[in-house]
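The values are calculated or read from the model by the stated rules, or taken from the named source; none is laboratory data. Please read all numbers here as calculations on a predicted model, not as lab measurements. Cβ placement follows ideal geometry from the backbone for every residue including glycine, while neighbour counts extend to all protein chains displayed. Surface areas here come from the heavy atoms of the whole protein model, side chains and all, with no ligands, DNA or RNA. Shrake-Rupley method; radii C 1.70, N 1.55, O 1.52, S 1.80 Å.
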Amino acid sequence: MDALLELQNVETYYGPIMAIRGVSLKVFPQQIVSVLGANGAGKTTVLKTISGAMDPRKGSVRFGGDAITARDPDQVARLGIAHVPEGREVFPFLSVDENLRMGAFTRRDSGVRGDLDLVYDYFPSLAGQRKLAAGFLSGGQQQMLAIGRALMLRPKLMLLDEPSLGLSPRLVHEIAEIIQRLNTEQKVTMLLVEQNAKMALEISHFGYVMEVGRVVMQDSCERLKSATDIQEFYLGMKDEGVRGRRRWKVRKTWR
Amino acid sequence: MEILQLLISGISQGCVYGMIALGFVLIYKATEMVNFAQGDLMMFGAFISFTFLNLLGWPFIPGVLATLGLMAALGVLIERVLLRPMIGEPPFAVLMLTIGLGFMLRALAGAIWGNKPRALATPFSGGVIRFGELVIGYENLAIVAGTAILCGLIFLFFRYTRLGIAMQAASQNQLAAFYVGIPVKRIFALVWGLSAIIAATAGILVAPVSLIDPLMGSVGIKAFAAAIVGGFGSLPGALLGGLIVGIAEQFAGLYLPAGFADTSAYLILLLMLFVRPEGIFATLQRKKV
């Protein structure tokens, strides 16, 4: 099976600063793939490079076999990549309804109205607030709106940047469930960037671990969950050690 | 009666300021640039309508529509050729560019149509309505009616059309607009076209009252003050600011010593900056940095 999205040796800079140093990754159709890593690992930059908000200096991005490297973000969106940016960037003064309709800006087909109902089915808490300006929604509802707006594009691939950021554990659970449902019911392929490794590993099929701009580990999530490095550094499980104390000398295998 | 008379001429003058201010605010909201050539666009629009209506002798409606079409094209062209390469440059550079653009438009108009003031003959030139002692010129009525119609159309456009809502979206959150597939750069060009149309409308309406000459765009500075009074970034605020400045100007002209009429706009601006620096209609949310 061919990869839906393929990055090869992508290097992206913020001015003189190299944010990602040769990242290669593949996303296969109908998978949920997550990218894990700490602050500053370059996860968000990877998504921005895919959606065209930033242009890589080296390497290529291919989507469905076509090179989309360094295209404008609106053109990338037209190809069916919906980016849900970090920090729930809604249109604050537009109503919930208008926000969602803007999600379908690129579409000319008649299915928009039906999809609007679909989004309200997935996010019943938005349905009661259709006429409310999006800026007045709670953080969780704004995140749902951002995901719903991305869904309105009928995307082949959804890029999710930290959907759990700043949400209560209950809401994180709710969002995770929605992501899983969208993946199985609407056949949307997902590329998920998360700091919440527990949640990400729970719902995704394949995972990449990034540190300071590089991919340091990649494996199926089943195996990542049982890898000792991941358990210790990302899931916070402690190794008791022989003497009943934590061993501080352990180093990550990739260092 | 005198007060009423002043009020009416103040409102019609204020509508002109308001329309130019509207153009300032539209461009600022969408692209975060201040277009100091807005008044000169009005002047250019007036000259183009003068060409169609008086020099070529077209009927009024087709002449006006041709003017608006041509001005929209000019606005789009300016954005495409001059301002798009400036994306990412410091705001100061962009500001200088628009000031320079204003000079160029003035010189161009002088070269094409000459520096002699011209009068635009329109169907609403010359006539008056009398209510007892009250005298209202058709031109003034046309300004008020034209402004009301234009504002109504703009309101409907932003409220109900897909393109209008997309323009709002692009101005509220540029990045998110890109991500949902709105062609933000093309939207910017269209915003320039729209504000050129508004400027041209103001030019056509004001031309029968004040003569057309290449320097008539200098009212743009007063309109800029009006836009700030209204709360830069609010469309109704721009219109209201224009009305306030226009009315104050008329009253200052009669009741205050000579010279106050022309400075009243800036006095109001100064007062406003002391009392309520964010303007009458402050935008609700501060921009996240």
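Condition (residue is part of a helix (DSSP H, G or I) and more than 23 Å from B:Gly237 (Cβ to Cβ)) applied to the range B:165-175: is it met by at least one residue? Looking through the range B:165-175, at least one residue is part of a helix (DSSP H, G or I) and more than 23 Å from B:Gly237 (Cβ to Cβ).
One residue stands out among those in the range A:97-120 that are open to solvent by less than 20 Å² (accessible area, probe 1.4 Å) and in contact with a Phe, Trp or Tyr (Cβ under 8 Å, 6 or more places away or on another chain): the one that is nearest to the other protein chains (Cβ to nearest Cβ), which is A:Met102. Please determine, by comparing only the residues of the range A:51-96 that are surrounded by fewer than 17 Cβ atoms within 10 Å (Cβ to Cβ) and part of a helix (DSSP H, G or I), which one is farthest from the other protein chains (Cβ to nearest Cβ). Result: A:Gln75.
Considered as a group, the residues in the range A:153-172 that are touching a residue at least 12 places away in the same chain (Cβ under 8 Å) and assigned to a helix (DSSP H, G or I) include one that is nearest to the chain's Cα centre (by Cα), and that residue is A:Val172. Please verify whether the range B:34-43 includes one or more residues that are modelled with pLDDT under 95, in contact with a helix residue (DSSP H, G or I) (Cβ under 9 Å, 6 or more places away or on another chain) and open to solvent by 20 Å² or more (accessible area, probe 1.4 Å). Yes, the range B:34-43 contains a residue that is modelled with pLDDT under 95, in contact with a helix residue (DSSP H, G or I) (Cβ under 9 Å, 6 or more places away or on another chain) and open to solvent by 20 Å² or more (accessible area, probe 1.4 Å). Set side by side, the residues B:Thr51, B:Thr67, B:Thr122 differ, and just one is within 29 Å of B:Ser234 (Cα to Cα), surrounded by 12 or more Cβ atoms within 10 Å (Cβ to Cβ) and polar (S, T, N, Q), which is B:Thr67.
Table: residues versus (1) more than 22 Å from the chain's Cα centre (by Cα); (2) open to solvent by 60 Å² or more (accessible area, probe 1.4 Å); (3) without any contact (Cβ under 8 Å) to a residue 60 or more places away in the chain.
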position	(1), (2), (3)
B:Leu153	no, yes, yes
B:Leu194	no, no, no
B:Ala199	no, no, no
B:Gly203	no, no, no
B:Val209	no, yes, no
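Against the numbered list (1) open to solvent by less than 40 Å² (accessible area, probe 1.4 Å); (2) small (Gly, Ala, Ser); (3) touching a residue at least 40 places away in the same chain (Cβ under 8 Å), B:Ala261 comes up short only at (3). Scanning the range B:46-69 for residues that are in a helix (DSSP H, G or I) and free of Cβ contacts under 8 Å to residues at least 60 places away in the same chain turns up B:Phe52, B:Leu55, B:Ile61, B:Pro62, B:Gly63, B:Leu65, B:Ala66, B:Gly69. Among the residues of the range B:74-95, write down those that are surrounded by fewer than 13 Cβ atoms within 10 Å (Cβ to Cβ) and among the hydrophobic types (A, V, I, L, M, F, W, C). Of everything in the range B:74-95, those that are surrounded by fewer than 13 Cβ atoms within 10 Å (Cβ to Cβ) and among the hydrophobic types (A, V, I, L, M, F, W, C) turn out to be B:Val81, B:Ile87, B:Phe92, B:Ala93. Quick check on the range B:164-182. Is at least one of its residues touching a residue at least 12 places away in the same chain (Cβ under 8 Å), more than 14 Å from chain A (Cβ to nearest Cβ), at negative phi and buried (at least 16 other Cβ atoms within 10 Å of the Cβ)? No, that holds for no residue. Residues in the range B:85-138 that are in a loop (DSSP other than H, G, I, E, B) and farther than 30 Å from B:Ser9 by Cβ: B:Ile87, B:Gly88, B:Glu89, B:Pro90.
Of all the numbered requirements in (1) over 16 Å from the mean Cα position of the chain (by Cα); (2) within 24 Å of A:Gln180 (Cα to Cα), A:Arg71 misses one, and that requirement is (2).
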